[in-house]
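Novice: The following block contains the structure, expressed as structure tokens.
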Amino acid sequence: MAFLRGIFSLFVIVLLVIVVLFVDFTYKTFSQRQRDLNCDAIVVLAGGRGRIEEGSRLYRENHARWLFLIGVDPSVRKSDLFRERKGERSGEGVYLEKVSRNTLENALYAREMIVGRNIDSIELITSRYHMKRATLIFRHVLPKDIAIYPHPVDTKNLKEEWWNHSGSFRLLFSEFYKYCLFRVFFLFAPTELQSAVK
């Protein structure tokens with residue numbers, strides 16, 4: 001009986017820890033704000049609504065020298081995503097990456113583009129719910145001296161009152177789960193990762 005009580009107590013403690021960590025993750029997800037700044041490059045993780053449009057807007061407003069669109073569908077051309085407009089900045093500094101298919105691959109392929117151009121700072125654009133995981137991965141993949149400034153984009157499928165919206169809760173918990181997996185991965189496999197990105 002004492003053994004069962006011990007197991008139950010351990011289960012309750014683990015559950016409480018998970019709840020606290022999830023609430024902290026959610027709070028930090030909604031606390032991130034867009035900042036008005038200039039960087040060497042804008043890095044957009046393609047795939048979510050509004051991301052490319054926001055990156056293009058910042059690039060046209062001269063917030064960065066380069067605009068990297070990462071994880072773009074292979075069939076898409078640059079002119080499909082960045083249309084030239086008379087009297088506005090040209091797409092000379094816009095580059096598409098079409099090979100990567102998940103966030104870790106996004107970071108690895110983006111690293112090649114960033115390091116090859118001696119970039120010191122990037123503005124990372126992705127959906128708000130995805131930002132903490134994306135930032136975590138990019139911080140571990142990129143050289144430590146490169147500054148990363150998160151620039152979250154809001155989407156209709158994530159509500160601020162997430163506790164009242166089942167879709168938002170599922171989305172946040174899914175991201176929390178993946179974020180925790182990558183925290184563990186980077187904790188126990190730093191050597192393998194470093195050899196992969198050299």
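Novice: Taking the condition of being exposed (fewer than 15 other Cβ atoms within 10 Å of the Cβ) and either part of a strand (DSSP E or B) or in contact with a strand residue (DSSP E or B) (Cβ under 7 Å, 6 or more places away or on another chain) (or both), how many residues in region 118-166 meet it?
Specialist: 3
Novice: Would you point out the residue of region 68-90, among those that are touching a strand residue (DSSP E or B) at 6+ places or on another chain (Cβ under 8 Å) and closer than 21 Å to ASP40 by Cβ, that is surrounded by the fewest Cβ atoms within 10 Å (Cβ to Cβ)?
Specialist: Step by step, filter region 68-90, then rank; the result is LYS78.
Novice: Would you confirm whether or not region 34-50 contains a residue that is on the phi > 0 side of the Ramachandran plot, in contact with a strand residue (DSSP E or B) (Cβ under 6 Å, 6 or more places away or on another chain) and of a type in the set (Gly, Ala, Ser)?
Specialist: Checked against the condition, which is being on the phi > 0 side of the Ramachandran plot, in contact with a strand residue (DSSP E or B) (Cβ under 6 Å, 6 or more places away or on another chain) and of a type in the set (Gly, Ala, Ser), region 34-50 yields at least one hit.
Every read-out reported here was derived from the displayed coordinates using simple, explicitly stated rules and does not represent laboratory data. In this text, all values refer to a predicted model and were calculated from it rather than measured experimentally. No Cβ is skipped: glycine too gets one built from the backbone with ideal geometry, and neighbour counts run over all protein chains shown.
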